[in-house]
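Visitor: Mind having a look at this structure? Questions to follow.
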Amino acid sequence: MTAVVPLRRPGFARIRTAGAPLYLLCLTAVTLLVLAALLAPWLVPADPNAVDLGNALAGPSVGHPFGIDASGRDTLSRLLVGARTSLLGPLGVVAFSTLTGVVVGALAGWRGGWLDSVLSRSTELVFAFPGMLLAILIVSVYGEGLMAPVLALAVAYLPYVSRLTRSLVLAERERPYVSASLVQGQSGFQVCLRHVLPNIAPVVLAQSTINFGYALIDLAGLSFLGLGVPALTPDWGRMVFDGQTAVQEGYPLSAILPCAAIVLTVVAFNVVGEHWADRVARRDR
Amino acid sequence: MPEPALVVTGLSRSYGTVRAVDDVTFTLPSGGSLGIVGASGSGKTTTARIVVGLEHADAGEVVVRGRRRGDRARGRAARLARAREVQMVFQDPYLSLDPRVSVDALLRETLRLHFPRVDRSRRTAELLDQVGLGTRAAGALPRQLSGGQRQRVAIARALAVEPAVLVLDEAVAALDVSVQAQILNLLADIRAQTGISYLFITHDLGVVRCVTDDVVVMRQGRIVESGGTTQVLDSPQHPYTRLLLDSVPRPGWDPRAIATARRTP
Amino acid sequence: MSAPVSPALLDTAPVLDIRGLRLRLPRTARPVLDGVDLTVSAGETVALVGESGSGKTLTSRSVLRLLPPGAVAEGRISVAGADVLTLTPRQLRTLRAGTAAMIFQDPRAAINPLRRIGDFLTESLRLNTKTPTAAAEARAGAMLEAVGLPPALLRRYPSQVSGGMLQRVMIAAALMGEPALLLADEATTALDVISQAEIVALLADLRTRFGTGLLFVTHDLGLAAALSDRVCVMYAGRIVESAPAGALFARPRHPYTAALLAATPRLDAPQGRLDAIEGQPPDLRTELTGCPFAPRCASATDVCFERTPAADAVPGDPAHLVSCHHGDRLEGSTGHA
């Protein structure tokens, strides 16, 4: 069969070759990030929305290890609580796009014929439309809130997943074990659900992990533009936006830290995802 | 005379302008073993796939135990009944088993589908024993088994359905000689025990001699000769059968004569 | 078959001489090749017969130093006088491009489907010897004719020709560099019997015309007997028996050879059960003591499990070597003539 390689945008593929220590490091980073987001309410040293204008733009201190932003809020607390929205958003995008993408791709690949044409052409239409533009459009129609940008990006990411799934299903259904299952009297639906999908799942999941990083960037970008996340909700993208004025005044910490968090998270998820994808590719050989 | 296990009449199938299968007719007696031989492109595999139901025919019919096999099964009951008519063992034991499913789970899945009330543990052990696999192989994944062991698993899976006809599509071609002999003996034993009928698709005339009662020789989609295996192999009537026989390498063999014979139609 | 070869050709130094080749792969308990000795003279056809995992393919690939990653080779492989295991990368390229050529099992997998057959044939010549394109194409056309194909095929794509024809193209490609040694790795396995006969006829014809030595790797004993001068039977990384084709099939001395012959379904044998060899070949993850075939051998005794048998000549036939403690037991047993 032709090997199907998950789609990768350029960028992080080269770092991965540094070897397994990097993977372990990134896996640890991902675990810590998720733990931090889950435990944020108990970890925060201060109320992330408590305003202390008297101390605005103060540097790191014992009470505020990462300093205070221009509105007088504790940066560390906002980073920790912000991890929740910043990770939850991409999670929603990935969950929704993976579920629907797999259904669409599997239907197109398995049934073929006119259904394949209809589904493939319509998902390609989405390809033609830049994801961010789509998101901005939907947000401007539905207003603020995390739901609208997540849905919009999920739709934008769906074709990546469905196209990958379709090609994997096409390759997998040619394998004799699929014919064997059909000859055994299993229905096409059963074969697809119980044999084909579990066999392609690792590749799709690896791709979804990589997508997670990109969704995080896109959502942070939307927040930075002031779209999506409501103004007071702590969010990394929003923090970069809010920190702009502080940078101009010579206090970059409150903008640089969320930037670093975004970069670190994206790199970590990418490295982990690519490592999984490679492991799957190797095992198949 | 008992009802034949399989009757194929006037089977035809074209791909574009190529007639892959052209008016193929043969009968497989109950408990019998019929070989289909031919070079690559002779249409033997397409014939097998039509009989199993993986391809559909343009014309002709396939009758198993007196029941005509339709093109498509409608509904679960029809699908299962269809599966119990014909089962298949594929050529490549490395690809015909789901890599994620253990031997035990594979057999149980089939048994649950066809015989929901049977004691699956007992029947699985019986099947493994029948194909000469110990219970130790039961927990194994396909990649932990050798080619011969995998082919035994594939045979057990087909037998689990208790079909009337078992189609073996080059089922021993990918195996080593010593393992191939084990599997051929196993197939002979199973036929003697269960009275199952075999449709044996192969290019290997030695294998045909070893395991079939009757043989049909196919060339470019058509049957050029048919009859009892011994009779066809010992006194071939059609020049193409003779060419096939002469092509089998043996000491004192003259490949040049075959090369010349092929060019003169 | 065996077309008469002039004795002068057979007297020359061997084109392939393998001495004590031992190959170890990472994470295995025993060498995958364990002391292989093999010679092919000019104009001679030697068949290397074995089952999967016996090491026959690795042996032929070692000749071109196409070793799997992490493999450690000991011993000596010389091809037309060159010591393959110590060649510089540059010398190795010359060897692969000219002196020794390999024909693979699946011609479709070994040829780039997007390029014309002509490009495929002339590529190595144009790149390695800077031959002008026109001259290279003329030679390619001549080689196609030598393998019985029309030169017009140069303009075709691989997908436009049949498997048997494509295997001829592969042979023509192998002949482009005027090789002294041709390695055929299961070169007819993917073909049907009739195409197989044609390819074998072609190979036999080529060695009489060009005096090329041929190492034919196959799992098919009948084929090996029919086409070769000498047959080497491999089991678990060792050559267990080596003899002129006729002698080996008429009077096999090694129990494994005899068992293989008995297990092969034959056209001229009566119908019925085959004498299968029970058990499995030894795993690479287990160490071997004594004869590798002993656990499956009916005539094995204690000594077989303790000492590795050496290759000894059969009394009265110095060309017939057998590695068996009981090689004399099978004497008189009639194999298959």
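The values are calculated or read from the model by the stated rules, or taken from the named source; none is laboratory data. The structure presented is a predicted model; accordingly, all values stated were derived computationally and were not measured. Heads up, the Cβs are rebuilt from the backbone with ideal geometry, glycines too, and the neighbour counts pull from every protein chain shown. Surface accessibility is based on the protein's heavy atoms, side chains included, excluding ligands, DNA and RNA. Shrake-Rupley method; radii C 1.70, N 1.55, O 1.52, S 1.80 Å.
Visitor: Do you know which residues across region A:201-254 are outside any helix (DSSP H, G or I) and among the small types (Gly, Ala, Ser)?
Guide: Step one: filter region A:201-254 for residues outside any helix (DSSP H, G or I), giving A:225-235, A:249-252.
A:226, A:228, A:231, A:250 - these are the residues of region A:201-254 that are outside any helix (DSSP H, G or I) and among the small types (Gly, Ala, Ser).
Visitor: Restricting to region B:167-199, and then to whatever is touching a helix residue (DSSP H, G or I) at 6+ places or on another chain (Cβ under 7 Å), within 11 Å of another protein chain (Cβ to nearest Cβ) and closer than 18 Å to residue A:176 by Cβ, can you tell me which residue is most open to solvent (accessible area, probe 1.4 Å)?
Guide: Among those residues, the one meeting the criterion is B:174.
Visitor: Filter region B:70-98 down to the residues that are closer than 22 Å to residue A:199 by Cα and more than 7 Å from chain A (Cβ to nearest Cβ), then identify the one that is modelled with the highest pLDDT. Break it down stepwise before answering.
Guide: Initially, region B:70-98 is screened for residues closer than 22 Å to residue A:199 by Cα, giving B:89-98.
The next check asks that each one be more than 7 Å from chain A (Cβ to nearest Cβ); those that pass are B:89, B:91, B:93-94.
On the way: B:89: 94, B:91: 88, B:93: 85, B:94: 82.
Restricting to residues being closer than 22 Å to residue A:199 by Cα and more than 7 Å from chain A (Cβ to nearest Cβ), the top hit is B:89.
Visitor: Restricting to region A:49-86, what's the tally of residues that are at pLDDT 75 or above and assigned to a helix (DSSP H, G or I)?
Guide: Of the residues in that region, 12 qualify.
Visitor: Do any residues in region B:205-222 that are more than 12 Å from residue B:34 (Cβ to Cβ) and facing another protein chain (nearest Cβ under 10 Å) have Cβ atoms under 6 Å from those of residues that are open to solvent by 30 Å² or more (accessible area, probe 1.4 Å) and modelled with pLDDT of 90 or more, where the two are at least six apart or on different chains, and which pairs are they?
Guide: Close Cβ pairs (under 6 Å, with a partner that is open to solvent by 30 Å² or more (accessible area, probe 1.4 Å) and modelled with pLDDT of 90 or more) do not exist here.
Visitor: Taking the stated definitions as given, is residue A:193 surrounded by fewer than 21 Cβ atoms within 10 Å (Cβ to Cβ), closer than 30 Å to residue B:86 by Cα and in contact with a Gly (Cβ under 6 Å, 6 or more places away or on another chain)?
Guide: On the way: surrounded by fewer than 21 Cβ atoms within 10 Å (Cβ to Cβ): yes; closer than 30 Å to residue B:86 by Cα: yes; in contact with a Gly (Cβ under 6 Å, 6 or more places away or on another chain): no.
So residue A:193 does not fit the description; no.
Visitor: Condition first: in a loop (DSSP other than H, G, I, E, B) and within 25 Å of residue C:201 (Cβ to Cβ). Now tell me which residues in region C:105-152 satisfy that.
Guide: Matches in region C:105-152: C:105, C:106, C:107, C:108, C:109, C:110, C:111, C:147, C:148, C:149, C:150.
Visitor: Which helices (runs of 4 or more DSSP H) does region A:88-199 wholly contain that include 3 or more residues that are small (Gly, Ala, Ser), out of contact with any Lys or Arg (no Cβ under 6 Å at 6 or more places or on another chain) and within 14 Å of chain B (Cβ to nearest Cβ)?
Guide: Details: elements: A:113-127, A:131-142, A:147-173, A:176-183, A:188-191.
Passing ranges, in order: A:176-183.
Visitor: Determine the pairs where a residue that is in the same structural domain as residue C:14 (by TED's automatic domain parsing), located within region C:73-84, has a partner that is open to solvent by less than 10 Å² (accessible area, probe 1.4 Å) and assigned to a strand (DSSP E or B) with Cβ atoms under 6 Å apart, the partner being 6 or more residues away or on another chain.
Guide: Qualifying pairs under 6 Å: C:73/C:23; C:75/C:21; C:77/C:18; C:79/C:16; C:79/C:100; C:79/C:181; C:84/C:77.
Visitor: Would it be correct to say that residue B:233 is within 11 Å of another protein chain (Cβ to nearest Cβ), touching a residue at least 60 places away in the same chain (Cβ under 8 Å) and either open to solvent by 60 Å² or more (accessible area, probe 1.4 Å) or within 23 Å of the chain's Cα centre (by Cα) (or both)?
Guide: Values: within 11 Å of another protein chain (Cβ to nearest Cβ): yes; touching a residue at least 60 places away in the same chain (Cβ under 8 Å): no; either open to solvent by 60 Å² or more (accessible area, probe 1.4 Å) or within 23 Å of the chain's Cα centre (by Cα) (or both): yes.
It is false that residue B:233 is within 11 Å of another protein chain (Cβ to nearest Cβ), touching a residue at least 60 places away in the same chain (Cβ under 8 Å) and either open to solvent by 60 Å² or more (accessible area, probe 1.4 Å) or within 23 Å of the chain's Cα centre (by Cα) (or both).
Visitor: Still on this structure: Working carefully through the options C:46, C:40, C:84, C:32, find the one that is modelled with pLDDT of 90 or more and touching a Cys at 6+ places or on another chain (Cβ under 9 Å).
Guide: Values: C:40 fails: touching a Cys at 6+ places or on another chain (Cβ under 9 Å); C:84 fails: touching a Cys at 6+ places or on another chain (Cβ under 9 Å); C:32 fails: touching a Cys at 6+ places or on another chain (Cβ under 9 Å).
It is C:46.
Visitor: Here's a follow-up. Would you check which residues across region C:47-81 are β-branched (Val, Ile, Thr), assigned to a strand (DSSP E or B) and open to solvent by 10 Å² or more (accessible area, probe 1.4 Å) and list them?
Guide: C:72
Visitor: Mind listing whichever residues of region B:236-265 are more than 7 Å from every other protein chain (Cβ to nearest Cβ) and open to solvent by 60 Å² or more (accessible area, probe 1.4 Å)?
Guide: Passing the criteria: B:237, B:239, B:242, B:246, B:252, B:260, B:263, B:264, B:265.
Visitor: Right, next: Go over the candidates C:282, C:295, C:244 one by one and state the one that is touching a His at 6+ places or on another chain (Cβ under 8 Å), open to solvent by 20 Å² or more (accessible area, probe 1.4 Å), within 14 Å of chain B (Cβ to nearest Cβ) and closer than 22 Å to residue C:327 by Cβ.
Guide: Only one candidate passes the filter, namely C:244.
Visitor: Of the residues that make up region C:142-154, is at least one surrounded by 16 or more Cβ atoms within 10 Å (Cβ to Cβ) and out of contact with any helix residue (DSSP H, G or I) (no Cβ under 7 Å at 6 or more places or on another chain)? Steps first, please.
Guide: Residues of region C:142-154 that are surrounded by 16 or more Cβ atoms within 10 Å (Cβ to Cβ), as a first pass: C:143-144, C:146-149, C:153-154.
Restricting the remaining residues to those that are out of contact with any helix residue (DSSP H, G or I) (no Cβ under 7 Å at 6 or more places or on another chain) gives none.
No, there is no match, as no residue in region C:142-154 is surrounded by 16 or more Cβ atoms within 10 Å (Cβ to Cβ) and out of contact with any helix residue (DSSP H, G or I) (no Cβ under 7 Å at 6 or more places or on another chain).
Okay, residues lined up against (1) of a type in the set (D, E, K, R); (2) open to solvent by less than 50 Å² (accessible area, probe 1.4 Å); (3) closer than 30 Å to residue A:158 by Cβ; (4) out of contact with any helix residue (DSSP H, G or I) (no Cβ under 7 Å at 6 or more places or on another chain):
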| residue | (1), (2), (3), (4) |
| --- | --- |
| A:36 | no, yes, yes, no |
| A:45 | no, no, no, no |
| A:53 | no, no, no, yes |
| A:59 | no, yes, no, yes |
| A:72 | no, yes, no, no |
| A:77 | no, yes, no, yes |
| A:109 | no, yes, yes, no |
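Visitor: So which of A:265, A:233 is of a type in the set (Ser, Thr, Tyr) and open to solvent by less than 10 Å² (accessible area, probe 1.4 Å)?
Guide: Values: A:233 fails: open to solvent by less than 10 Å² (accessible area, probe 1.4 Å).
Within the list A:265, A:233, the selection yields A:265.
Visitor: Output the residues belonging to region B:101-114 that are surrounded by 15 or more Cβ atoms within 10 Å (Cβ to Cβ) and either at the interface with another protein chain (Cβ under 10 Å from one of its Cβ atoms) or of a type outside the set (A, V, I, L, M) (or both).
Guide: The answer is B:101, B:102, B:104, B:106, B:108, B:109, B:110, B:113, B:114.
Visitor: Somewhere in region B:149-163, is a residue within 12 Å of chain C (Cβ to nearest Cβ), open to solvent by 20 Å² or more (accessible area, probe 1.4 Å), part of a loop (DSSP other than H, G, I, E, B) and more than 30 Å from residue B:10 (Cβ to Cβ)?
Guide: no
Visitor: Need the failing condition index for residue A:160 against (1) touching a residue at least 24 places away in the same chain (Cβ under 8 Å); (2) surrounded by fewer than 23 Cβ atoms within 10 Å (Cβ to Cβ), just the number.
Guide: Going through (1) touching a residue at least 24 places away in the same chain (Cβ under 8 Å); (2) surrounded by fewer than 23 Cβ atoms within 10 Å (Cβ to Cβ) one by one, residue A:160 breaks only (2).
Visitor: Please go through region C:125-170 and pick out each residue that is of a type in the set (Ser, Thr, Tyr) and within 25 Å of residue C:190 (Cα to Cα).
Guide: Once the filter is applied, which keeps residues that are of a type in the set (Ser, Thr, Tyr) and within 25 Å of residue C:190 (Cα to Cα), region C:125-170 yields C:157, C:159, C:162.
Visitor: From C:250, C:269, C:259, which residue is within 27 Å of residue B:257 (Cβ to Cβ), among the small types (Gly, Ala, Ser), free of Cβ contacts under 8 Å to residues at least 60 places away in the same chain and facing chain B (nearest Cβ under 9 Å)?
Guide: The conditions single out C:269.
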